[in-house]
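The values are calculated or read from the model by the stated rules, or taken from the named source; none is laboratory data. As the structure is a computational prediction, the values presented were derived from the model and not from experiment. All Cβ positions, glycine included, derive from the backbone under ideal geometry; neighbour counts span all protein chains shown.
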């Protein structure tokens, strides 16, 4: 019998006491992006750190311009430039220790390079000769992630696993302003906070998700404010102030390392170039807006500070620029070499152990390649795949056609139209084509 | 199922155990053997999962090994990716078939291709357990057969048990695999029972071998998961018609055991593929095509499919009209041109 069945018997009491789960005030970001360069606090900055940041920024800018040039020469399929965002890219790499992990998005090849990976390997995805061009375990850099924000839960899982193991490993995960609208951003931050995972979420708010400005992306006071909803601190920093970004990220990393849980850092910066070489930014923003941001350039800001304090002279600046030119020349030379492609790699590492279906398809491709390269050798090449194919009626036919000769099918006539070799000519466009410029490919 | 029930099952070799208990035992044994194995999902901790498959694991191995996660499937599988990158072997529970869809992007864009895109540097030894299929009176979004989506994603293994012993053996094999495995658990067989073998059941190795559940000579029924008992029942009923049907339980949809299937069809000359998943674009089409390509000259009739209708999964009070049953299987067998009487329209 419930209380409702006894009119007049219900005695209301207050509900069980409600309390906030955590105090929101300390989690709130500052009202203004945190800045150091050009303020009184800059005097206390470590000269060695400033020089180091400066050298990396100069080389980072040159790397961006070189990579963009490589798209025009058809040596990169596409390049999403981080010009104007070098302070963020460089600082993200420099705040990490050797055992830490970096989780970059597709715009973060500069951070990958700053972490110590070979630029040619970092650009493999964008050159298009493979997906991930480096061994992620080598420098603890996850694959460049193209699906937005999907790498953030990976960072959480890895950091969680490290924490369970008692390892002092921090994961720093990079995402853009557009990526913060994705569901995976929400899920990752929530998991990280609940699990107290040692993760730093680093949002580069560069103003645009391709063409869509931040105002159409969020109604939040700032992206950093989103942290409060998850129960983690949010920090807002000037993304073009390399010293400030380094400081804020560094604090977040060490807090995570000390089991203080995750932090969300929003760096306010600007994508000076278009989204990629295939984008036309004049359709959605004014030159005046771009020029205003060029006047707040991360390299110029840092150079002014170094000059003001007498930490660098013209010769020092020239030396850094020369070093950047050497890096760019080396990158250009190496990217001008044709990528070594082995089409048979397509079938490698799909599974730990190749399935029968894939063995058969690999044999087909091998026969096609043999026919392409040396038509007269196709006869001998076809023997091997024929053995590999499982004993089926039609498998011999497929191989025979691709190799440019009719197969001896059970009824012979099945292969009558096989002499056109059409499959072979198709694959010669696809697999062996030179590295051509593909403007619209993203 | 309670912990006590599982303990009893463990101690009393001959006592019948359910498929759910066998799955629980597989998880328990695997976790005991390998500390890298972590179970995570919704309600897998104190509750033991809504089907009790993770019953007792959090108590036995601690909440760090069997973890109640926030309610977010992409987050669960995405976190599992990162855990695997760090050397763990996560076993993820998706609560129901249709609740696994939010994790689809992680599965397709990362889990399935991580090994390939990193040239083998980052394998993904992740098992994704998904209760699937209908027949338990579930309301909307609780009865989908989602295997075709997974099968269409290169890089995944897709397996599903139909027997209690296979539930144990296949799950052990899935967890031991260095590749991601979508492990589909037929919901309506969770309570099916079998005597526990006196010697503990063994992992099925390797993944990718079908099992002939009933040898026969007239025609081959090719099926998996929840439809295996249906086909076995149909095969028994068919003896009255004079048909001796062979029943092949695929056990693994990817890799597909073409060898066993084709050997059977070449012997019988006739084949029907049976599954709950919608027919159009479903596994049956792929299987029928393969049989036709490989066994054409051994076939005495077109390969037929008995599948769920191409409709959103029906409400529970109507689902019996949707699910392939014994009669529908026998009707298909009857259409296999037994007396060369095939005429236009004679085949569905």
Exercise. Conditions: (1) closer than 30 Å to residue A:124 by Cβ; (2) surrounded by fewer than 24 Cβ atoms within 10 Å (Cβ to Cβ); (3) in contact with a strand residue (DSSP E or B) (Cβ under 6 Å, 6 or more places away or on another chain). Residue B:105 meets all but one. Number of the miss?
Worked result: (3)
Exercise. Considering B:231, B:295, which residue is in contact (Cβ under 8 Å) with a residue 24 or more places away in the chain and farther than 23 Å from residue B:17 by Cα?
Worked result: B:295
For this session: Sort out which residues of segment A:23-52 are in a loop (DSSP other than H, G, I, E, B) and either more than 18 Å from residue A:297 (Cβ to Cβ) or touching a strand residue (DSSP E or B) at 6+ places or on another chain (Cβ under 6 Å) (or both), and write them in order of number.
Result: A:23, A:24, A:28, A:29, A:30, A:31, A:32, A:33, A:35, A:45, A:46
Problem set entry | Yes/no for residue B:272 being farther than 23 Å from residue B:187 by Cα, touching a strand residue (DSSP E or B) at 6+ places or on another chain (Cβ under 8 Å) and within 14 Å of chain A (Cβ to nearest Cβ) | no
For this session: Return the pairs, sorted by first residue and then second, in which the second residue is in a loop (DSSP other than H, G, I, E, B) and surrounded by 16 or more Cβ atoms within 10 Å (Cβ to Cβ), the first residue lies in segment A:345-359 and is in contact (Cβ under 8 Å) with a residue 12 or more places away in the chain and facing chain B (nearest Cβ under 7 Å), the beta carbons are less than 9 Å apart, and the residues are 6+ apart or on different chains.
Result: A:356/B:208; A:356/B:255; A:356/B:256; A:356/B:257
Problem set entry | Search result, residues across segment B:108-117 that are without any contact (Cβ under 8 Å) to a residue 12 or more places away in the chain and out of contact with any strand residue (DSSP E or B) (no Cβ under 9 Å at 6 or more places or on another chain) | B:117
Problem set entry | Selection within segment B:108-139 - surrounded by fewer than 24 Cβ atoms within 10 Å (Cβ to Cβ), closer than 26 Å to residue B:278 by Cβ and in contact with a helix residue (DSSP H, G or I) (Cβ under 8 Å, 6 or more places away or on another chain) | B:135, B:136, B:137, B:138, B:139
Problem set entry | Qualifying positions in segment B:50-64 - surrounded by 20 or more Cβ atoms within 10 Å (Cβ to Cβ), in contact with a helix residue (DSSP H, G or I) (Cβ under 9 Å, 6 or more places away or on another chain) and closer than 22 Å to residue A:157 by Cα | B:54, B:57
Seminar exercise, completed: Those residues of segment B:249-264 which are more than 8 Å from every other protein chain (Cβ to nearest Cβ) and either part of a loop (DSSP other than H, G, I, E, B) or without any contact (Cβ under 8 Å) to a residue 12 or more places away in the chain (or both) amount to B:250, B:251, B:257, B:263
Problem set entry | Qualifying residue in segment A:230-243 (condition: modelled with pLDDT of 95 or more, within 17 Å of residue A:182 (Cβ to Cβ) and either touching a helix residue (DSSP H, G or I) at 6+ places or on another chain (Cβ under 9 Å) or outside any loop (DSSP other than H, G, I, E, B) (or both)) | yes
Exercise. Can you name every residue in segment B:295-332 that is within 14 Å of chain A (Cβ to nearest Cβ) and surrounded by fewer than 21 Cβ atoms within 10 Å (Cβ to Cβ)?
Worked result: B:296, B:297, B:298, B:299
For this session: For segment A:304-319, name all the residues that are surrounded by fewer than 19 Cβ atoms within 10 Å (Cβ to Cβ) and in a helix (DSSP H, G or I).
Result: A:304, A:307, A:308, A:314, A:315, A:316, A:317, A:318, A:319
Exercise. Are there any pairs with C-beta distances below 8 angstrom linking a residue in segment B:142-169 that is outside the structural domain of residue B:180 (by TED's automatic domain parsing) to a residue that is assigned to a helix (DSSP H, G or I), with the two at least 6 apart or on different chains, and if so which?
Worked result: none
Exercise. Hey, among A:197, A:267, A:227, which residue is part of a helix (DSSP H, G or I) and crowded, with 20+ Cβ neighbours inside 10 Å?
Worked result: A:227
Exercise. Can you pull out the residues in segment A:324-336 that are in contact (Cβ under 8 Å) with a residue 12 or more places away in the chain and farther than 15 Å from residue A:65 by Cβ?
Worked result: A:334, A:336
For this session: Identify all residues within segment B:76-109 that are farther than 27 Å from residue B:134 by Cα and either more than 8 Å from every other protein chain (Cβ to nearest Cβ) or outside any helix (DSSP H, G or I) (or both); write none if there are none.
Result: B:86, B:87, B:88, B:89
Exercise. Taking segment B:63-75 as the region of interest, how many residues are at the interface with chain A (Cβ under 8 Å from one of its Cβ atoms) and touching a residue at least 12 places away in the same chain (Cβ under 8 Å)?
Worked result: 4
Exercise. Here are some conditions: (1) free of Cβ contacts under 8 Å to residues at least 60 places away in the same chain; (2) closer than 27 Å to residue B:195 by Cα; (3) more than 21 Å from the chain's Cα centre (by Cα). Residue B:15 meets all but one. Which one does it not meet?
Worked result: (1)
Seminar exercise, completed: Over segment B:265-286, the set of residues assigned to a helix (DSSP H, G or I), crowded, with 24+ Cβ neighbours inside 10 Å and under 19 Å from the mean Cα position of the chain (by Cα) is B:283, B:284
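Okay, residues lined up against (1) over 21 Å from residue B:152 (Cα atoms); (2) at pLDDT below 95:
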position	(1), (2)
B:196	yes, yes
B:200	yes, yes
B:214	yes, no
B:226	no, no
B:237	yes, no
B:257	no, no
B:270	yes, no
B:282	no, no
Exercise. Being within 23 Å of residue A:190 (Cα to Cα) and within 11 Å of the chain's Cα centre (by Cα), is that true of even one residue in segment A:109-130?
Worked result: no
Exercise. Would you call residue A:260 modelled with pLDDT of 95 or more, assigned to a loop (DSSP other than H, G, I, E, B) and closer than 23 Å to residue A:97 by Cβ?
Worked result: yes
Exercise. Does segment A:339-351 contain at least one residue that is at pLDDT 95 or above, on the phi > 0 side of the Ramachandran plot and surrounded by 13 or more Cβ atoms within 10 Å (Cβ to Cβ)?
Worked result: yes
Exercise. Would you say residue A:89 is at pLDDT 95 or above and under 12 Å from the mean Cα position of the chain (by Cα)?
Worked result: yes
Exercise. When you scan segment B:131-230 for strands (runs of 3 or more DSSP E) that lie fully inside it, which ones turn up with 2 or more residues that are more than 13 Å from the chain's Cα centre (by Cα)?
Worked result: B:193-195, B:211-214, B:219-223
Seminar exercise, completed: Residues of segment A:90-99 being under 21 Å from residue A:159 (Cβ atoms) and either touching a helix residue (DSSP H, G or I) at 6+ places or on another chain (Cβ under 6 Å) or crowded, with 24+ Cβ neighbours inside 10 Å (or both), in sequence order, are A:91, A:92, A:93, A:95, A:96
